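Report on the structure given below.
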Amino acid sequence: MRVLIAAMVLAGSGPALAQSCPKPQDWAKPERHLAARVPEMKFGLKPGGAVQIGLLPQDQVTFAAGKATRKGYAGLAAIDVPKAGTLELAVDNKTYVDLVRAGKPLALAAEPKMKGCQGVQKMLAFKVAPGRYLVQLSGSPDKSVKIATSLR
């Protein structure tokens, strides 16, 4: 019996690996900004807090890396990272999110499952060093997306 329980936990099934629903800082009262159309921008987000980002029709956006894989709304937002760590992004819909640096998307460090959570639909984590990154948003079903950022 112990072997069966251990196997279920290691396989990722069962409540032992359930992710609790996050409650990002400022989620209820996010700042509001419009997404950029091109990668070159002066404005930069800062880790911490939440932002409601207005998006554009996807064909009006020049992506920093790659191409959009599905139709919808899109945009870009810079984020300035002051120190090395793990940058976490909480998103309120099914928008595709890439974190881009020097023209290349970073690999995900983690993507905890958000089943049954109100508000946050997905979480993404990236290992980062200090510097400017682009948050590339694409394929959004909505004209805006709420994103909360934190650096750990």
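If Thr149 satisfies all but one of (1) among the polar types (S, T, N, Q); (2) within 17 Å of Val38 (Cα to Cα); (3) crowded, with 19+ Cβ neighbours inside 10 Å, what's the number of the condition it fails?
If we test Thr149 against (1) among the polar types (S, T, N, Q); (2) within 17 Å of Val38 (Cα to Cα); (3) crowded, with 19+ Cβ neighbours inside 10 Å, just (2) comes out false.
Is the range 75-84 home to any residue that is over 15 Å from Ser144 (Cβ atoms) and free of Cβ contacts under 8 Å to residues at least 24 places away in the same chain?
Looking for residues that are over 15 Å from Ser144 (Cβ atoms) and free of Cβ contacts under 8 Å to residues at least 24 places away in the same chain, one finds none in the range 75-84, hence no.
If you go through the range 33-48 one residue at a time, do you hit one that is of a type outside the set (A, V, I, L, M, F, W, C), at pLDDT 85 or above, outside any strand (DSSP E or B) and out of contact with any strand residue (DSSP E or B) (no Cβ under 8 Å at 6 or more places or on another chain)?
There is at least one residue in the range 33-48 that is of a type outside the set (A, V, I, L, M, F, W, C), at pLDDT 85 or above, outside any strand (DSSP E or B) and out of contact with any strand residue (DSSP E or B) (no Cβ under 8 Å at 6 or more places or on another chain).
Could you count how many residues in the range 52-79 are exposed (fewer than 13 other Cβ atoms within 10 Å of the Cβ) and not in a helix (DSSP H, G or I)?
So the count comes out to 5.
Name the pairs whose Cβ atoms lie under 9 Å apart, with the first residue in the range 36-48 and over 29 Å from Pro22 (Cβ atoms), the second surrounded by 14 or more Cβ atoms within 10 Å (Cβ to Cβ) and not aliphatic (A, V, I, L, M), and 6 or more positions between them or separate chains?
Arg37/Gly75
Across the range 128-143, what is the total count of residues that are part of a strand (DSSP E or B), over 10 Å from the mean Cα position of the chain (by Cα) and not aromatic (Phe, Trp, Tyr)?
Number of matching residues: 7.
Do you know which residues across the range 80-96 are part of a loop (DSSP other than H, G, I, E, B) and in contact with a strand residue (DSSP E or B) (Cβ under 6 Å, 6 or more places away or on another chain)?
Matches in the range 80-96: Asp92, Asn93, Thr95.
Can you confirm whether Leu99 is surrounded by 12 or more Cβ atoms within 10 Å (Cβ to Cβ) and touching a residue at least 40 places away in the same chain (Cβ under 8 Å)?
no
Taking Ala125 and the conditions (1) among the small types (Gly, Ala, Ser); (2) part of a strand (DSSP E or B); (3) in contact (Cβ under 8 Å) with a residue 60 or more places away in the chain, which numbered condition does it fall short on, given that it satisfies the others?
(3)
The values are calculated or read from the model by the stated rules, or taken from the named source; none is laboratory data. Given the structure is predicted, the values throughout are model-derived calculations rather than measurements. No Cβ is skipped: glycine too gets one built from the backbone with ideal geometry, and neighbour counts run over all protein chains shown.
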